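Enquirer: One structure, as structure tokens, below. Some questions next.
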Amino acid sequence: MAERLGFTEAVSIALGGMIGGGIYAVLGVVTRITGAATWAAFVLAGLVALCAGYSYARLNALSDQGGGSVTYIQCFTGNETLAGMTGWTLLFGYIGSMAMYAFAFAEFAISIPRVPTSVAGVPLRPVVSVVAVGAFVALNLLGARTTGTTENALVAAKVSVLVLFGLGGIAYARSVAPGAFDVGAEQAFTTGPIIAAGVSFVAFQGWQLLFYDQERIDTPVDTVRRAVYLSVPAAVAIYVIVALATVNLAPEALTNRPHTALKVAAEQMLSPVGLGWGGGFVIALSALFSTGSAINATLFSSGYFAKGLLSKGYLPDRVSDPDADGVPPRLILGLGVITALFSAWGSLDAVTSFASLAFIVVFGGMSYLALRQRSQSEVHPLPPAIGLLGTAGFLPVMLYHLYAAERETFYAVCALAVVVVTVELLYFERDVLREEITEFEELVGVDDDADVAESE
């Protein structure tokens, strides 16, 4: 029997999905863009994510079907092609998220003292990322899954470490140099936080996994809605205090070693009492555990999501058996292989940007869909409008920043987007394309026959 989940467990799943790997993976990337105003980027991204969460919750109540974005598009537009393409885009977003977590996992693993960064000239970062993904694929194939009670304890531990680090770091930084505490007042009113908010958007997508697991949740429509409304602001608060602490304790590390800056900040905070190594070790272990659990949870949920796409005909039948109990092993293996390749090939910037863009597009689409239902008494137009305007603003600004400042990342993201959209169109419009080809062949055949007749 599947364990029934209540409000506390739902909040743990949503908060764990965001805190699980987001702050460890994106903090350095975001800080490079907007400096000490990183906290403002997190607030802005969190606000847009919360409004998108409102749109999801309202669509969930109106559709009375559950299932997330794909179901809502089916219900409110009837456009099967758009629903399928949205499903594929989300699936690629989940793969990008898992690759991002695997990248961060490896960065923290090789930052532990006495762990080499390379062996025989071979960098260990890609190897560790691939091994981590493989380990969690194996766990999922064995059927391992965290229960609701255990998830509560795990999330409480992860959140406690980050809250203690954030509050302690802020207090330490203010006591050591009271007048030099930097809150990024100048950067907060530039375009930096807007660009950085778009990049960090992937760190706020974990709550939507709740919409795929509603069969196990008591009174799911109400419980999921309240869990989203609580978990997103809580995640924002944690990101803000961690960002402020890290920016003021380890500004150089954010420039030179952005992926492990939290570890450096923890070492500096506890070094006056001779426990610097201990602080860094705790943060590194917390990061390993958090990013690892994020890979595991996202792999499990995306596996069920992919199975749902398969059962609706949005994935080819040859991928796996949609009638199999649980998640078919071939689906888990396929997702794991693609994630491993992505994590070994890409940089953290490219992975983060691609995943963020995927969720920006889908969340913006759901906000637009909810805004169209504003005539319903259950839907207030303001939150969907903010969600739509926010995501619509993030998209071009983020792409411009990538083009101007990170040209290689821009080209990589564009190439991935073109490949994904092309494959989606070729699959979902295959019947139309087949008809067009048939008509063309018949037309050419008629012309050929006419030419033959004329020559005779």
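The values are calculated or read from the model by the stated rules, or taken from the named source; none is laboratory data. None of these values were measured; they are calculated from a predicted model. As a convention, Cβ positions derive from the backbone with ideal geometry for all residues, glycine included, and neighbour counts pool all protein chains shown.
Enquirer: All but one of (1) on the phi < 0 side of the Ramachandran plot; (2) not in a helix (DSSP H, G or I) hold for residue 254; which doesn't?
Expert: All conditions pass for residue 254, except number (2).
Enquirer: Restricting the first residue to the stretch 69-92 and requiring it to be more than 17 Å from residue 423 (Cβ to Cβ), which pairs with a second residue that is assigned to a helix (DSSP H, G or I) and acidic (Asp, Glu) meet a Cβ separation below 8 Å and a spacing of at least six or different chains?
Expert: 74/80
Enquirer: Would a scan of the stretch 150-171 turn up a residue that is over 24 Å from the mean Cα position of the chain (by Cα), aromatic (Phe, Trp, Tyr), farther than 23 Å from residue 98 by Cα and at pLDDT 85 or above?
Expert: No; the residues of the stretch 150-171 include none that is over 24 Å from the mean Cα position of the chain (by Cα), aromatic (Phe, Trp, Tyr), farther than 23 Å from residue 98 by Cα and at pLDDT 85 or above.
Enquirer: List every residue pair whose Cβ atoms sit under 6 Å apart, with the two residues 6 or more apart in sequence or on different chains, where the first one lies in the stretch 6-25 and is farther than 18 Å from residue 262 by Cβ and the second, anywhere, is of a type in the set (Phe, Trp, Tyr) and assigned to a helix (DSSP H, G or I).
Expert: From residues that are farther than 18 Å from residue 262 by Cβ, the pairs are 14/207.
Enquirer: A follow-up question, please. Can you pull out the residues in the stretch 213-251 that are modelled with pLDDT under 85, part of a helix (DSSP H, G or I) and within 30 Å of residue 8 (Cβ to Cβ)?
Expert: 214, 215, 216
Enquirer: Select, from 115, 70, the only residue that is among the aliphatic types (A, V, I, L, M) and either in contact with a strand residue (DSSP E or B) (Cβ under 6 Å, 6 or more places away or on another chain) or assigned to a loop (DSSP other than H, G, I, E, B) (or both).
Expert: 115
Enquirer: Shifting gears a bit: Could you look through the stretch 365-381, keep only residues that are touching a residue at least 40 places away in the same chain (Cβ under 8 Å) and outside any loop (DSSP other than H, G, I, E, B), and pick out the one that is surrounded by the fewest Cβ atoms within 10 Å (Cβ to Cβ)?
Expert: So, considering only residues that are touching a residue at least 40 places away in the same chain (Cβ under 8 Å) and outside any loop (DSSP other than H, G, I, E, B), the one surrounded by the fewest Cβ atoms within 10 Å (Cβ to Cβ) is 371.
Enquirer: Turning to a different aspect of this structure: Could you grab the pairs with beta carbons closer than 8 Å, sequence gap of 6+ or different chains, first residue in the stretch 395-421 and assigned to a helix (DSSP H, G or I), second one surrounded by fewer than 17 Cβ atoms within 10 Å (Cβ to Cβ) and not charged (D, E, K, R)?
Expert: What qualifies is 397/191; 409/347; 410/403.
Enquirer: Same structure, new question: Which residue pairs have Cβ atoms closer than 7 Å, lie 6 or more positions apart in sequence or on different chains, and pair a first residue in the stretch 109-137 that is without any contact (Cβ under 8 Å) to a residue 12 or more places away in the chain with a second residue that is of a type in the set (S, T, N, Q)?
Expert: Final answer for the pair search is 123/117.
Enquirer: What pairs can you find where one residue is in the stretch 149-168 and of a type in the set (Asp, Glu), the other is at pLDDT below 90, and their Cβ atoms are less than 8 Å apart, with a gap of 6+ or different chains?
Expert: From residues that are of a type in the set (Asp, Glu), the pairs are 151/9; 151/12; 151/13; 151/16.
Enquirer: Among the listed residues 108, 7, which satisfies the condition of being more than 15 Å from the chain's Cα centre (by Cα), surrounded by fewer than 23 Cβ atoms within 10 Å (Cβ to Cβ) and aromatic (Phe, Trp, Tyr)?
Expert: Answer to the selection: 7.
Enquirer: If you check residue 213 against the conditions, is it more than 22 Å from residue 193 (Cα to Cα), surrounded by fewer than 24 Cβ atoms within 10 Å (Cβ to Cβ), within 20 Å of the chain's Cα centre (by Cα) and among the acidic types (Asp, Glu)?
Expert: In short, yes.
Enquirer: Do you know which of the residues in the stretch 258-279 that are modelled with pLDDT under 80 and under 30 Å from the mean Cα position of the chain (by Cα) is nearest to residue 165 (Cα to Cα)?
Expert: Here the residue is 260.
Enquirer: A further question follows. Would you check if residue 298 is under 16 Å from residue 115 (Cβ atoms), within 19 Å of the chain's Cα centre (by Cα) and in contact (Cβ under 8 Å) with a residue 40 or more places away in the chain?
Expert: For residue 298, the condition - under 16 Å from residue 115 (Cβ atoms), within 19 Å of the chain's Cα centre (by Cα) and in contact (Cβ under 8 Å) with a residue 40 or more places away in the chain - is not met.
Enquirer: Let me ask something else. Restricting the search to the stretch 217-254, which residues are surrounded by fewer than 18 Cβ atoms within 10 Å (Cβ to Cβ) and of a type in the set (S, T, N, Q)?
Expert: Residue satisfying the conditions is 219 alone.
Enquirer: For the stretch 169-200, give me the residue count where each residue is out of contact with any helix residue (DSSP H, G or I) (no Cβ under 7 Å at 6 or more places or on another chain) and either basic (Lys, Arg) or in a helix (DSSP H, G or I) (or both).
Expert: 8
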